[in-house]
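Q: Dropping the structure in here first, questions after.
Please treat every number below as a calculation from the coordinates, not as lab data. These figures come from a predicted structure and were not determined experimentally. Every residue, glycine as well, gets a Cβ built from its backbone with ideal geometry; the counts of neighbours run over all protein chains shown.
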Amino acid sequence: MGSDMGLIVKTMARATIPLIGIFGAYVVAHGHLTPGGGFQGGATIAGAGILFLIAFGLNEAKTRINKNLYSALEGVGGLVFLIAGMLGLGVAFFYNTLWHNGPIFNGEPGTLLSAGYLPIMNLAVGLKVYTGLVSAVFAMALFRRWRK
Amino acid sequence: MTLPFLIIIPLFGAFSMPIISLFGKKLKEYWALIISGATLGVAAKIFYTVWKTNEIILYTLGSESPIGKGVKFPIRIVWEVDLLGALLALTITFVGFLAVLYSLGYMKHDTGLEKYYTLILILELGMLGIVITGDIFNFYVFLEIMSIASYALVAFRNDTWEGIEAGIKYMFVGSVASSFILLGIALLYGQYGTLTMSYLSLKIAENPTIVAKVALAFFIGGLLFKSGAVPVHMWLADAHPAAPSSISAMLSGLVIKAGGVYAVARIVFSIFNPGLHAYLKAFNMPSINMEAVGWVIVFFACLTLLIGNAMAVVQTDMKRLFAFSSVGQIGYILLGIGIGTLAYGSRAGELALAGAIYHIVNHALIKALLFFVAGAVIHEVGTKNLNELSGLARKMPMTTLAFIIGAAAIIGLPPLNGFASKWIIYESSAMYNPILAAIAVVGTVFSLAAYTRVLFTFLGRESEKVKSAKEPEMSMLIPMLILVVAIVVMGLLPWQINDKIMLPTARMLEQLNGEYMVALLKFLGGA
Amino acid sequence: MFGYWDALYFLYAFFIGLVISYLLMKWAEKASTGTRRAGDGTKIYISGEDQDKIIPHFEHFEGYFTGRHVMWGLIRGAQRMFLAFRKEHTGLLTDYVAYLLLTVAIVLGALVIGG
C-alpha cells in the first residue's frame, strides 16, 4: 500500500524541504535579534519534517526517523535550556551571567554573538520543538486505526 | 538558596527521563523515585526554614532585586513563598513521592512508562510552581503546565474508552476555564500594568475599578472549575475515576488543591486583600466589597458539600464514589476560605482559614490513601464495582485496615486527623453563622452514609470474584502504611499541629500587617 | 479555645431544629404523610393517618396507616433528591461548558452588583 504522494509532490518536496529547514534555522539562530525565536523556528523546521512525512509516506519516514533518538534529543533540548538557566545560579535562577560576565555571547548588542544565554536557549528550544512536533505528528501517523 | 531547586530538580528529572530510559527498563522507575525523593527533601527544607523564621521568602528570577533599573516598581518575575505555599509544597512532594513509589508496583504491566513518569514529574512541577510563585502570569503558566499534564495522565490508559472520553472532556472544558483565568490576568494587566501579585494588590487598593471586580469574578469562576466545586464538578467525577489510581490519588489529593482552592485563597487574600479593602471602606474611599466575594464562595461551598457528598451515596463504582467524596471535601475547604474572607480579622475568620488549610493537608493524605486502596483492589481483583467486591476483608486484611482508617478519617471520627480539621471548620462556621455549620454537618451525614456502604462491602460475605485475591506487593503496601501512620499520628496531636503550624499559616495568609506586600516593598526602599 | 461550643450548642440546635421542622412540615403536607391542618391553628403532624383509606382486614385501624406513609414518604423524598442530582449528570460536554459559563455568569453578576 503506497502511503506516499505523487511524483510532482515528491519533487516539489525535495526542492522545498531544505529551504524550509534553512529558513527555520535562520529564525532560531537570530531569535534574539529578529522577530521569532526558538519556538517559531523549531515549528518551521518541524514543518519541513511533516512535509517529508506527508509527501514520502509513512513507510519511508519509518526508515529515516528514529523515534528513540528524537525522544532523547527532545530531552537534550530541555536539559540544555535548564542548564543555561542554571548558569547564573550563584546570583539567581535564570541570571544572565554570560551577558554580564562573559566569556562568550557578550558582544555588542545587535550582533549575533550577544545576549548571553538567549542564543543557547533559542537553539535548545528550537531543537526541542522540532523533535517534539515531529514525534507528535509521527505518533499520530503511526497510531493504529480503530478496527471496524 | 534552596528555593529554585524545587523547580530545577523535577524539571531536570522530566527532561532527562527519555535519555535515562534508553539505558535500562528498571532505571527510569528508580530515577523518578530518586527525583521525587530529592524534591521532597528540598520542600521539607524550605518549609522548615519558613516555619522557623516565620518570614516570607522572596526570590527574584534573573537578578538580585525585583525592582527594575532606574524605575520604582518591580518588573521581574518573583517567587514569593509564605507558610501556606511552603506547607502545600511539602504536602505535594510527600504525596507525589508516595504516588511514584506506588506506581512501581501498580503500573508494572503498562507500556509507555517513560512518558508516564515524565508526566508525573511535570504534574508535580506545575503544582510546586503554583504554590511558590508570586507573579500572576507565572502562576498561569504553571497552572497550564499542571493542567496539561493532568489531561494527558487522565487519558493515559488509552485502550479504554473511559479514559479517552474523560480526558477529552476534561481538556475541552478545562481549556475554557483556563481562558477565563487568562482573561482575568489580561484585564488586571491592562488596568494596572503589573503582574507581581503583591504590587498588584497595592495598585488595586489605590484604584479599585470595576475592571478589578470583573477580573476577580473570572478568576473565581475559572478556579471553582479547577477545584471541582458544584455545579462545575462534573469533569472531576469523570476524570478522576478514569485515571490510573496513582494518578487519581495525585489529582484528587493535590491538583484540585494546588490549582483550585489554594489559588482562590491566594487571589482573594494576597491580591484582593479583604483587610485593606475594609480599611478603605472605613474611610469612605472606593473599595471592593469583599463580603460579596466571601458570600459567593460560601454559597458555592454549601452547594458543593451537600451535592458532592449526596452524590457519593448513590455510586456503585468505588473510584467514582471517592471522586464525588473529593467534591464534597472541597466544599469544606471552600467554606473555610469563604468564612475566612467574611470574618476577616476576627477569631472566627482566623480559625476558619486554619481549618481550611488543615483540611487541605488532611484531605490530601486521606484521599491519596483511599485511592491507593482502590488501586490495590483493582490490581488484585480486577473490578471496581462495589456490588462485586464483597468480603475483601479476609483476603486483603492490610488493605482493609488502610481503608477503614481512611474512611474513618474522612468522615471525621475523633482520634483521626479528619476530625480535627472538620471540627475547626464547623466551629468557626458556627461562630460566624450557625446555619452554615448545620449545612456542613448535613454534608458529613451523607459522607458517612457513602463510606459505610463501602465498609459493608469490604466486610460482607465473600463473592466469587474475591476468592483468588491476595495482598498487593510491598511497593504498593508501603505507601499505604506510611499514609496510615501519618493519619494516625496527625490525629493524635491535632491541637498541637493546629497551634504550631496551621494558625501561623492562617495568620500569614491573612496578612493583618500586609506582610506579603512588605516583603516586596523592602526592595523598593533600598533601590 | 474549644469550650465555647457547649454554651452555644443549645441555642444553635434549637434554631436549626425550628428551621428543619418547618421545612419538614411543608414537605409532609405535600407528601401525604398524614400532616394536615385540623381546624383553627391545630395541626396534626406526620401522624401517618390517612382519612380516606382503610386497610383490608385491618378495619379496626380505620384511619391509621401507622408509620407506613411516613416511611415511604421519607424514602421517596430522599430517592427523588438523588434522582434529581443524578439526572443532572448527563455526561455531555456541552452541559459541562454550559454549567461553567453559568457559574462564571453568577459570580460575575454577584461581584459586579455587590462587589
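Q: Can you tell me the relative contact order of the range B:5-526? Whole percent, Cα pairs under 8 Å, sequence separation 6 or more.
A: 16 percent.
Q: Using +1 at the C-beta of Lys and Arg and -1 at the C-beta of Asp and Glu, which of B:ASN273, B:TRP495, B:LEU216 has the Cα lying farthest in the positive direction of the dipole of chain B?
A: Working it through, the farthest residue towards the positive pole turns out to be B:TRP495.
Q: Another question, then. Would you mind checking which residues have amide H under 5 Å from B:ASP317's amide H? H placed 1.01 Å from N; only 5 or more apart, or other chain.
A: Result for B:ASP317 returns B:LEU386.
Q: Then there's this: To test your reading of the geometry: what angle, between 0 and 90 degrees and rounded to tens, separates the Cα axis of helix B:197-206 from the longest principal axis of chain B?
A: Around 50 degrees separate the two axes.
Q: Please arrange C:HIS89, A:HIS32 by counting, for each residue, the other beta carbons lying within 10 Å of its beta carbon, fewest first.
A: Least to most surrounded, the residues fall as C:HIS89, A:HIS32.
Q: How big is the charge dipole of chain B about its Cα centre, in debye rounded to the nearest 20, if each Lys and Arg gets +1 on its Cβ and each Asp and Glu gets -1 on its Cβ?
A: Magnitude of the dipole: close to 220 debye.
Q: Can you tell me the 0 to 90 degree angle between the C-alpha axis of helix A:38-64 and the longest principal axis of chain A, rounded to 10?
A: 30
Q: OK, next. Quote the charge dipole size of the range B:63-171 about the Cα centre in Debye, to the nearest 20; the model charges only the Cβ of Lys and Arg (+1) and of Asp and Glu (-1).
A: 220
Q: Taking +1 at the Cβ of each Lys and Arg and -1 at the Cβ of each Asp and Glu, which of B:ALA469, C:LEU24, B:ALA449 sits farthest along the dipole of the protein assembly as shown towards its positive end, judged by Cα position relative to the Cα centre?
A: B:ALA469
Q: Which aspartates and glutamates, on any chain, are close to B:LYS522 with Cα under 14 Å apart, when same-chain ones fewer than 8 places away are left out?
A: Cross-link targets: B:GLU55, B:GLU64, B:GLU80.
Q: Treating only the Cβ of Lys, Arg, Asp and Glu as charged (+1, +1, -1, -1), what charge dipole size does the range B:255-397 show about its Cα centre? Round to the nearest 20 debye.
A: Using only the charged Cβ atoms, the result is roughly 200 debye.
Q: Something else about it: On C-alpha positions alone, give me the angle between the axis of helix B:27-53 and the longest principal axis of chain B, in degrees, nearest 10.
A: 40
Q: Also, quick follow-up: Tell me, B:SER63, B:SER198 in order of fewest to most beta-carbon neighbours within 10 Å?
A: B:SER63, B:SER198
Q: Let me ask another. Would you work out which of B:PRO434, B:VAL261, B:ILE357 lies farthest towards the positive end of the dipole of chain B, given +1 charges on the beta-carbon of Lys and Arg and -1 on that of Asp and Glu, about the Cα centre?
A: Result: B:ILE357.
Q: Can you give the longest run of chain B that contains no trypsin sites (Lys or Arg not before Pro) sitting in a DSSP loop with at most 15 other Cβ atoms inside 10 Å?
A: Segment B:109-460 is the longest.
Q: Also, I was wondering about something else. Sorting B:ILE67, B:ILE247, B:ILE9 on the 10 Å Cβ count, fewest up front, what's the list?
A: B:ILE67, B:ILE9, B:ILE247
Q: From the phi angles alone, apply the Karplus equation (6.51, -1.76, 1.60; θ = phi - 60°) to the range B:92-98 and give each ³J(HN,Hα) in whole Hz, x where the residue is Gly or Pro.
A: Once θ is set to phi - 60°, the couplings for the range B:92-98 become 4, 5, 5, 5, x, 4, 5 Hz.
Q: Mean separation of Cα pairs under 8 Å and 6+ residues apart, divided by the residue count of the range A:1-144: what relative contact order is that in percent?
A: 29
Q: Assign one of three labels to the range A:17-148, namely rounded, prolate or oblate, based on the Cα gyration tensor with a ≥ b ≥ c the square roots of its eigenvalues; rounded applies when a/c is under 1.5, prolate when it is not and a/b is larger than b/c, and oblate otherwise.
A: Prolate shape, in that a/c is at least 1.5 and a/b is the bigger ratio.
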